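For reference, the structure is listed below as structure tokens.
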């Protein structure tokens, strides 16, 4: 987190105590002692002459034991009530959490318009279920969708700030959490190399979003949070998917869908259309038409710029007032014991008393 100003104040309207019985006990005790003195004020006990019969100036020291004792009792009562208050803090910061969901279904191995010979790839395509017919995948003429997506993510993640955090999930029929929410961007970059192993089967966006939102809950933080879904949207629209989108909206998360399509002029698949419409209502859908070396990468960089602005993050921190008051109480106890055990005891200074009329 980078702080560049803000404010901090105490919200006294939030003052709260856990229990009230110590206050009522103190009040009842005070009333009982006052009544005892009132009805027995001409008796030797209780004797409050050190308070009422001392000279105005010299008697201040003589009143010290009783005064400290009263303060001590008030402090102990206050501590036993367990008071608390809320501190409101506003911090200007730029840190972000990015949760990236990458579609690794079978359709993501479709070819793009980018020829392999004209594009520098940082990751070699592995031999797998999608390239069994060749001994060397590097001889495939075109770069696959997932390969360009991986290269774009490499560029995007490399540009993040050191205080940002990233979580990465690959999904097909299942969701695979390859990186939890972490500020170790180098680790996330290393996970991109394993994307080939997940490129197969279908597209279950609902499971991916459920896994991702649960991941965010397991790694809470004060950062603003952004969910980026990279998919070709070849999925079935289900009630579960709708519930996950509503859940995302309720969590107040920034949401972007990078929709890879071969022809944006054609309407989306009947199954994908409701999903894209609902996604537009709660976030931003960016259409990536005829995936090439720039459009997906530029879309990710635009998201980074939009979500990288500084913002005021208002935090509310409960403050336990009992702890500092208890420290003051300990000091008061030491002072009271010192006064009661030394020459400052009121009965040692008889000159401070006024003469009682005969």
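The values are calculated or read from the model by the stated rules, or taken from the named source; none is laboratory data. This is a predicted model, so every value here is computed, not measured. Cβ atoms come from the backbone with ideal geometry, glycine included; neighbour counts cover every protein chain shown.
Let's see how each residue does on (1) in contact (Cβ under 8 Å) with a residue 24 or more places away in the chain; (2) surrounded by fewer than 20 Cβ atoms within 10 Å (Cβ to Cβ):
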site: 155; (1), (2): yes, yes
site: 158; (1), (2): yes, yes
site: 161; (1), (2): yes, yes
site: 172; (1), (2): yes, no
site: 177; (1), (2): yes, yes
site: 186; (1), (2): no, yes
site: 189; (1), (2): yes, yes
site: 196; (1), (2): yes, no
site: 212; (1), (2): yes, no
Task: Qualifying positions in region 88-106 - outside any loop (DSSP other than H, G, I, E, B), in contact with a strand residue (DSSP E or B) (Cβ under 9 Å, 6 or more places away or on another chain) and modelled with pLDDT of 85 or more - done: 96, 97, 98, 99, 100, 101, 102, 103
- [ ] Filter region 256-270 for residues that are within 38 Å of the chain's Cα centre (by Cα) and either modelled with pLDDT of 70 or more or outside the structural domain of residue 241 (by TED's automatic domain parsing) (or both) and give the result.
- [x] 256, 257, 258, 259, 260, 261
